[in-house]
1. Can you tell me which of 140-152, 109-121 comes out highest on packing, and rank the rest after it, using the mean Cβ neighbours within 10 Å?
2. So for the stretch 29-224, taking the charge dipole from beta-carbon charges (+1 Lys/Arg, -1 Asp/Glu), which of 198, 127, 107 sits furthest toward the positive end?
3. Taking every DSSP beta bridge with both residues inside the stretch 29-224, roughly what % is antiparallel (nearest 5)?
4. Let's see if you can work this out: charge +1 on each Lys and Arg Cβ, -1 on each Asp and Glu Cβ, no other charges. What is the dipole magnitude of the chain about its Cα centre, in debye to the nearest 20?
5. Which whole-Hz ³J(HN,Hα) couplings does the stretch 199-214 yield from phi under the Karplus relation 6.51 cos²θ - 1.76 cosθ + 1.60, θ = phi - 60°, glycine and proline marked x?
6. List every residue whose amide H lies under 5 Å from the amide H of residue 63, counting only residues 5 or more places away in sequence or on a different chain, with H placed 1.01 Å from N in the peptide plane.
7. Please compute the Kirkwood hydrodynamic radius over the stretch 112-212, one decimal place, Å, based on all pairs of different Cα atoms.
8. Pop out the ³J(HN,Hα) list for the stretch 149-155 in order, Karplus 6.51 cos²θ - 1.76 cosθ + 1.60 with θ = phi - 60°, rounded to Hz; leave Gly and Pro as x.
Amino acid sequence: MESKYSILLSLLMLQCLSLLCVSQSQDFDFFYFVQQWPGSYCDTKKSCCYPNTGKPTADFGIHGLWPNYEDGSYPSNCDPNNSFNQAKVSDLISNMQKNWPSLACPSSNSIQFWTHEWEKHGTCSESVLSQHGYFDTALSLKGKTNLLKALTSAGINPDGNSYSLVNIKNAIKGAIGYTPWIECNVDESGNSQLYQIYLCVDNSGSDLIECPVFPKGKCGSEIEFPSF
Ligand code: 5GP
Ligand code: 5GP
């Protein structure tokens, strides 16, 4: 009788352990760190609105830091009980206004954008980053990866001209050390243009890595780099 119970008990313990493993594998493998070119957000049919702090500087802005799985899928909206709280990032707000401005209409103070990014993506990395840590990490990644400088140093300027996609990728790989993913959108006349640049980051948010998997989508082989 006693041994029956101990077998049952060990089976139960095994099941608990395997559940633990399952919940850990629900976590994420790496981050996409995504930056957007404001000129390409604004010159589409949809157009844009500047935040109430004024026209952002002509630089790449943060879109988000997105937890991802190596199979290309990703978790989202992971914790409804952890909503965006401005008080938790009060020391970062001026940096966020400069480097993470919202260009969606109508004009806003960007809080809806930060709320959306935190609630959709940030909550899925809360096992490694607090809310403050999430925004702080994205800001410091932006500081470490000067994409505009990488491009302009290679003669690729936001001047409305077209540049080869390969040259754009090589310029960034040369300056930053890692291969980026380029996402395009189309301007009002239907030209393919440089919209967002993805870099990959390890799952602690500390270091850039080569991307385990690239998102889907396609640019032309020559793409426009609009002014802003
Ligand atoms: P779209 O469908 O416009 O490419 O993406 C819409 C939104 O879905 C993105 O802004 C982002 O929030 C999310 N998303 C799209 N692709 C990925 C991806 O590969 N990984 C993650 N984590 N989110 C993505
Ligand atoms: P995602 O594409 O990350 O799921 O969601 C982006 C959401 O944030 C959309 O609802 C979009 O309207 C809003 N949003 C606000 N400001 C911006 C911005 O500057 N760029 C982009 N891409 N989305 C913004």
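The values are calculated or read from the model by the stated rules, or taken from the named source; none is laboratory data. Computed from a predicted structure; not experimentally measured. When we count neighbours, we look across all protein chains shown, and the Cβ atoms used for this are built from the backbone with ideal geometry, even at glycine. Calculation scope for accessible area: heavy atoms of the full protein, side chains included, ligands and nucleic acids excluded. Shrake-Rupley method; radii C 1.70, N 1.55, O 1.52, S 1.80 Å.
1. Details: 140-152: 16.9, 109-121: 18.8.
So the peptides 140-152, 109-121, ranked by packing, come out 109-121, 140-152.
2. Result: 107.
3. On the way: 25 of 26 bridges.
Bridges in the stretch 29-224 are about 95 percent antiparallel.
4. Numbers: 14 positive and 22 negative charges, 65 e Å.
Charge dipole of the chain: 320 debye, to the nearest 20.
5. Per-residue couplings from phi come out as 10, 9, 9, 5, 6, 9, x, 8, 10, 5, 9, 6, 5, x, 7, 9 Hz.
6. Close amide H contacts, sequence-distant or interchain: 34, 35, 36.
7. On the way: mean 1/r = 0.0656 Å⁻¹.
For the stretch 112-212, inverting the mean 1/r across all distinct Cα pairs yields 15.2 Å.
8. 5, 4, 6, 5, 5, 9, x
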